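Handing you this structure, nothing more for now.
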Amino acid sequence: MEFLYRIKDDAGRIQEAFAQADSPAALKARLVARGLNVVDVRLRSGSSSTAGMFQRLNEAMEQIRLRDMVVFSRQFSAMVGAGVAMLRALTIMVEQCENPKLKRTLDSVRRGVESGLSLSDTMSRHPQVFDKLYVSMVRAGEAGGILDDVLKRLAEFLESRARLTAKVQSAMVYPSVVLAVAVIVFWAMLTFILPVFQNIFKSVGGELPAYTQFLLNLSQFMRSIWMALFAVAMVAAVWGLKSWYGTDQGRLQIDGLLLRLPVFGDLIKKVAVARFSRTFGTLVRSGVPMLSALDVVKDTAGNAVIALSVDKVSLEVRQGGSISKPLSKDPNFPPMVTQMVAVGEETGRLDEMLEKIADFYDVEVENAVEALTSILEPIMVVGIGGIVGSVVVGMYLPIFTVINQIR
């Protein structure tokens, strides 16, 4: 939104100007950071609250893709490594950024750095764009004077996470689409096709087969008000389940159930182990302190059960213990993982071992996705055939009954 602000100069004169900001408080803080004496900030006439509401709604719908963060990290790393001053590098990034939301965030980061804050502190004010992992690695890079290397590792890490996410999503797209098509076909046949045959069945007379009568009753139900009530109940159930998943206890129970699912549970576990190893190894290699790295890994685990395991590891390390000991007691971490972590601790090459574990499980995830897809394809094809065939059989059974009556 656009605001009119008034400031008092050194001579005591009042000056007015216009500026855009998310809120009056944000604009006032920005002006104070520049050393200006702010008198007041008000919404510019013509910039209505309705327009501001639509602007905020539009901004909420904007998304920052993982690729945008990868491009920013690589370009920022290249400029910092080439000796470009921080403020100038951020200014260049703001000017060439194509994503509107990321552009506004980088401009806010630039203003924060210009006011004297560190890069990591300024980024921490935007948790929706720069998560704890990103901020922790940048802070470690600032402390060690290796910010360009850390940003490059961040770009590589984000690319690896994007590839892993794409592999998992590819396994879910095919069965989801096929299942949706099967449901739509079954609903269309029961709602539009079967009622046409119903009149023919009535004109012929005689008693309908039990299976055909069941399909007709189901078709009538799907065209009645009860179907709308059933749909509302399903939406309410999904909303309730999502709300329960938002609680700590619900998230722990649902994530634990997902890990125990046949076929899918093994894939979820491998993805979690790969993410844990990649994130932890990247943080350790970037110089992030061990306990801080474990806190970040816990928050970015993506699974409450794995996060609880990492919390136990963190407690053990705080008490002077090792990382591999609590992991060896956790059934979600295979023996190979715990043994390699133990070797890494003994040799002082924990980051290398974690990277090797992550590479190995990336391949395991890819193989599991291919195996899962090969299993689901014939199941889905047979399922669609069964759904369509069940309705067709229900429509043809009365014809056989009529033929027998004629004979």
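Please give the number of the condition Trp239 fails out of (1) outside any loop (DSSP other than H, G, I, E, B); (2) in contact with a helix residue (DSSP H, G or I) (Cβ under 8 Å, 6 or more places away or on another chain).
So the condition that Trp239 fails would be (2).
Determine whether Met86 is crowded, with 20+ Cβ neighbours inside 10 Å, of a type outside the set (Gly, Ala, Ser) and over 30 Å from Val271 (Cα atoms).
Against the criterion (crowded, with 20+ Cβ neighbours inside 10 Å, of a type outside the set (Gly, Ala, Ser) and over 30 Å from Val271 (Cα atoms)), Met86 does not qualify.
In the stretch 189-210, what residues are surrounded by 12 or more Cβ atoms within 10 Å (Cβ to Cβ) and at pLDDT 75 or above?
Answer for the stretch 189-210, where residues must be surrounded by 12 or more Cβ atoms within 10 Å (Cβ to Cβ) and at pLDDT 75 or above: Met189, Leu190, Thr191, Ile193, Leu194, Pro195, Pro209.
Pairs, please: C-beta under 6 Å, at least 6 apart or cross-chain, first residue more than 13 Å from Leu147 (Cβ to Cβ) and in the stretch 111-128, second of a type in the set (Ser, Thr, Tyr)?
Short answer, once both residue conditions are applied: Gly112/Thr122; His126/Thr105.
Something else about it: I'd like to know if the stretch 322-335 contains one or more residues that are among the aromatic types (Phe, Trp, Tyr) and at pLDDT 85 or above.
Scanning the stretch 322-335 turns up at least one residue that is among the aromatic types (Phe, Trp, Tyr) and at pLDDT 85 or above.
Restricting to the stretch 269-286, name every residue that is among the charged types (D, E, K, R) and under 11 Å from Val297 (Cα atoms).
Passing the criteria: Arg275, Arg278.
The values are calculated or read from the model by the stated rules, or taken from the named source; none is laboratory data. Only a predicted model underlies this, so the values are computations on that prediction, with no experimental measurement involved. No Cβ is skipped: glycine too gets one built from the backbone with ideal geometry, and neighbour counts run over all protein chains shown.
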